[in-house]
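> Below: one structure in structure tokens.
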Amino acid sequence: MTARRRLSGPQRRAQILDVTRRIVVEQGYHAVSIERVAEECGVTRTVIYQQFESLPGLLVTLIDREIEQAFEGFREAAGRPVPAGEDPFTWALAGILEAVDAAPSTWRMFMLPAEGGPPELHQRLARARAVTRSNLQRIIGHPADPELSIRVLHAVADELVRLRITDPGNHPAGRLLAQARRIADATLGTNAAHP
């Protein structure tokens with residue numbers, strides 16, 4: 001029998017959240033239970049309750065951790081200086097695709113949310129959409145029809161990210177970015193010179 005390594009409180013908490021994320025991504029929120037998470041972590045249910053108090057507490061903590069990680073990637077992508085000759089939308093999307101590739105399970109939770117998620121998930125998603133649109137406004141400036149341009153580009157970015165998550169082999173970043181550039185040019189009327 002192999003001796004189990006003791007984890008510190010923060011390490012155990014991260015392990016529990018990682019296991020919960022895997023279950024959610026693979027099977028949905030309905031597949032998560034305190035018993036299952038405890039069993040897969042090799043701990044008692046009491047340990048889970050000590051860390052999170054309840055199943056809803058565990059799920060909300062997971063959602064908050066993952067959305068913060070996704071937002072960190074989004075903020076980095078949206079804040080990068082745009083090289084000369086590159087359109088800001090495509091440049092920001094390139095950074096977002098890098099963040100998606102670095103943490104696909106995190107992005108899958110929000111771009112392809114499983115049914116049965118707690119109400120907090122939908123509240124966080126609504127807030128994330130508002131923040132994304134606000135950042136798009138900052139990134140693209142003031143096109144002829146800002147509201148419609150932002151909505152179109154947001155929808156395009158969402159779909160391209162979903163394609164990258166669900167079928168990366170058929171949707172390499174370069175292909176997605178070339179399409180994003182064409183759509184941004186058509187939507188914004190930029191026809192900027194691109195490398």
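> Taking the full set of protein chains and a 1.4 angstrom probe, give the accessible area of W91 in square angstrom, rounded to the nearest 10.
My reading of the accessible area for W91 is about 60 Å².
> How high is the relative contact order of the chain? Use alpha-carbon pairs under 8 Å, at least six apart in sequence, and give a whole percent. All intermediate terms of the calculation are to be shown ahead of the outcome.
Working: 165 pairs, mean separation 45.7, N = 195.
Over the chain, the number comes to 23 percent.
> Within the accessible area of segment 131-195, what % is carbon and sulfur when the probe is 1.4 Å and the other protein chains stay in place?
54
> Net charge near Q69, counting Lys/Arg +1 and Asp/Glu -1 over other residues with Cβ under 14 Å of its Cβ?
-3
> Taking square-rooted eigenvalues a ≥ b ≥ c of the alpha carbon gyration tensor, is segment 89-195 rounded, prolate or oblate, where a/c under 1.5 means rounded and, failing that, a/b exceeding b/c means prolate?
Oblate, since a/c reaches 1.5 and b/c is not below a/b.
> Using a 7 Å offset from the Cα along the Cα-to-Cβ direction at both S54 and A126, what is the distance between the two label points in nm, to one decimal?
2.1
> Anyone know which of G169, G73, G57 comes out most mobile in the 10 Å Cα GNM of the chain?
G169
> Could you order L125, L7 so the one with the most accessible surface comes first? Probe is 1.4 Å.
L7, L125
> Give a residue-ordered list of calculated ³J(HN,Hα) values for segment 143-150 (Karplus: 6.51 cos²θ - 1.76 cosθ + 1.60, θ = phi - 60°; whole Hz; x for Gly, Pro).
Per-residue couplings from phi come out as x, 4, 10, x, 4, 5, 4, 5 Hz.
The values are calculated or read from the model by the stated rules, or taken from the named source; none is laboratory data. Since this is a predicted model, take the numbers as computed values, not measurements. Note: ideal-geometry Cβ built from the backbone for every residue, glycine included; neighbour counts use all protein chains shown. To get the accessible areas, we keep the full protein, side chains included, count just its heavy atoms, and leave off ligands, DNA and RNA. Shrake-Rupley method; radii C 1.70, N 1.55, O 1.52, S 1.80 Å.
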